[in-house]
Amino acid sequence: MRRILFIDRDGTILQEPADEQIDSYEKFRFVPGAIGALSFLRRHTDYLFVMVSNQDGLGTEAYPEADFWPTHQLMLDTLAGEGVTFDAIHIDRSFPEDQLPTRKPGTAMLSEYIDGQYDLAHSWVIGDRDSDAQLAKNLGCGSLILGPDMSWDRVCELAFAGERTAEVRRTTAETDICVRLNLDGNGQADIQTGLGFFDHMLEQIARHGMVDLYVRCNGDLHVDEHHTVEDVALALGQCLAEALGDKRGIERYGFSLPMDDCLCQVAIDFGGRPWLVWEAEFRRERVGDVPTEMFRHFFKSLSDSARINLHVKAEGENEHHKIEGIFKALARSIRMAVRRDIRHFQLPSSKGVL
């Protein structure tokens, strides 16, 4: 079944002026990155391109009877010159106060695509407003909403190569764990393991790695901290491996990070061969509610489960700073190594497999 890109126009392809009316050539501007991204997606994917727009913002008052208006036609001609054509164009001319089902986020205008012949679950709505996100939800699609954390380059990457997400449930007699990971997130963390300092360290992975991380762990802390720390590391490592998939297009390698008196270095290789080199010693038995001996075990379990090579080194006086610096350096290493280049979408290995 064919996938579809439902693409908004004003504010998405064309910049929307303050008066929301692109009714003159002086107001005609493309959103930065739009032409290049659309051209790439048209050349390298099999999506149907469907433009979906409400009438606002295209000079309809000046040309009330026209099917297409001069600025609209100029947009189509410019895009066509870069190989971007649309399989269908749907424009609703009703006013917001009419509340017609044909107006976004209503789906009546798009009823022909909701008949089971299209792969809506793997389709996208690309827009710039909440109504576009709601349209995606109503259609059962994903949404890519332009904003500070979503450029056209990012839209292009996700539409071409997909989201890199994973969820792992791990239940044993000792722990019950759920970990969700989005490698293409924006640093959101929602973590509860029952160990406050451990939660704080895992949050560093999310925030400094620019990944979204959800962790819930109900462990046998009445025994000790060992099973909670180890099993969370195993589940997180499995999430990393699953989210990366075949690793096509990633940088693969990735970081040194100073933190006050400490210098922490974490070098990483997502090469498929687990190995840990650990050069960090701690004089304190515990930091917060976690034994310091557990951090080497965390990184060993993470390396084994994610099948990654980790070299960890920390120097300094403050134990808290050393441990936090290690986790921040891990986060930055992950962020660097999982960066994806869809224009060089190959395995970063001469072996042809990772």
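The values are calculated or read from the model by the stated rules, or taken from the named source; none is laboratory data. This structure is a prediction, so every number in the text was calculated from the model and none was measured. Note that we place each Cβ from the backbone using ideal geometry, even for glycine, and neighbour counts take in every protein chain shown.
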Determine the pairs where a residue that is among the charged types (D, E, K, R), located within the stretch 324-338, has a partner that is assigned to a helix (DSSP H, G or I) and at pLDDT 95 or above with Cβ atoms under 6 Å apart, the partner being 6 or more residues away or on another chain. LYS328/GLN204; LYS328/HIS208; ARG332/HIS208; ARG335/GLY209
Within the stretch 222-234, identify whether any single residue is within 30 Å of ILE35 (Cβ to Cβ), surrounded by 16 or more Cβ atoms within 10 Å (Cβ to Cβ) and at pLDDT 95 or above, and answer yes or no. no
If GLN134 passes every condition in (1) part of a helix (DSSP H, G or I); (2) more than 29 Å from the chain's Cα centre (by Cα); (3) more than 30 Å from PHE345 (Cβ to Cβ) but one, which one does it miss? (2)
Among (1) small (Gly, Ala, Ser); (2) buried (at least 20 other Cβ atoms within 10 Å of the Cβ); (3) farther than 13 Å from VAL312 by Cα - the single one GLY271 does not satisfy: (2)
Assigned to a helix (DSSP H, G or I) and of a type in the set (Ser, Thr, Tyr) - does that describe any residue in the stretch 11-18? no
Pairs, please: C-beta under 6 Å, at least 6 apart or cross-chain, first residue closer than 14 Å to ALA166 by Cα and in the stretch 204-218, second assigned to a strand (DSSP E or B)? ASP212/ASN182; LEU213/LEU181; LEU213/ALA189; TYR214/ARG180; TYR214/ASP190; VAL215/VAL179; VAL215/ILE191
Filter the stretch 178-233 down to residues that are part of a strand (DSSP E or B), among the polar types (S, T, N, Q) and closer than 29 Å to ILE342 by Cα, then give me how many there are. 1
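Table: residues versus (1) of a type outside the set (A, V, I, L, M); (2) surrounded by 18 or more Cβ atoms within 10 Å (Cβ to Cβ); (3) within 27 Å of GLN192 (Cα to Cα); (4) at pLDDT 95 or above.
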residue: LEU240; (1), (2), (3), (4): no, yes, yes, yes
residue: ASP246; (1), (2), (3), (4): yes, no, no, no
residue: TYR253; (1), (2), (3), (4): yes, no, no, no
residue: TRP275; (1), (2), (3), (4): yes, no, no, yes
residue: TRP278; (1), (2), (3), (4): yes, no, yes, yes
residue: PRO291; (1), (2), (3), (4): yes, no, yes, yes
Which condition from (1) within 16 Å of PHE327 (Cα to Cα); (2) touching a strand residue (DSSP E or B) at 6+ places or on another chain (Cβ under 8 Å) is the one that GLY271 breaks? (1)
Out of curiosity, is GLY219 farther than 30 Å from ILE145 by Cα, small (Gly, Ala, Ser) and surrounded by fewer than 17 Cβ atoms within 10 Å (Cβ to Cβ)? no
Residues being aliphatic (A, V, I, L, M) and either surrounded by fewer than 20 Cβ atoms within 10 Å (Cβ to Cβ) or in a loop (DSSP other than H, G, I, E, B) (or both) - total across the stretch 295-314: 1
From the list ALA108, ALA80, exactly one residue is among the hydrophobic types (A, V, I, L, M, F, W, C) and at pLDDT below 95. Which is it? ALA108
Filter result for ARG332 (buried (at least 18 other Cβ atoms within 10 Å of the Cβ) and at positive phi): no
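Listed here are the residues, each with its yes/no results for (1) in the same structural domain as TYR118 (by TED's automatic domain parsing); (2) under 12 Å from ASP128 (Cβ atoms); (3) out of contact with any Ser or Thr (no Cβ under 6 Å at 6 or more places or on another chain).
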position: ARG9; (1), (2), (3): yes, yes, no
position: ASP23; (1), (2), (3): yes, no, yes
position: LYS27; (1), (2), (3): yes, no, yes
position: PHE30; (1), (2), (3): yes, no, yes
position: ILE35; (1), (2), (3): yes, no, yes
position: PHE40; (1), (2), (3): yes, no, yes
position: VAL50; (1), (2), (3): yes, no, yes
position: SER53; (1), (2), (3): yes, yes, yes
Quick check on the stretch 214-232. Is at least one of its residues aromatic (Phe, Trp, Tyr) and within 16 Å of ARG307 (Cβ to Cβ)? no
Residue within the stretch 63-76 that is β-branched (Val, Ile, Thr), at pLDDT 85 or above and at negative phi present: no
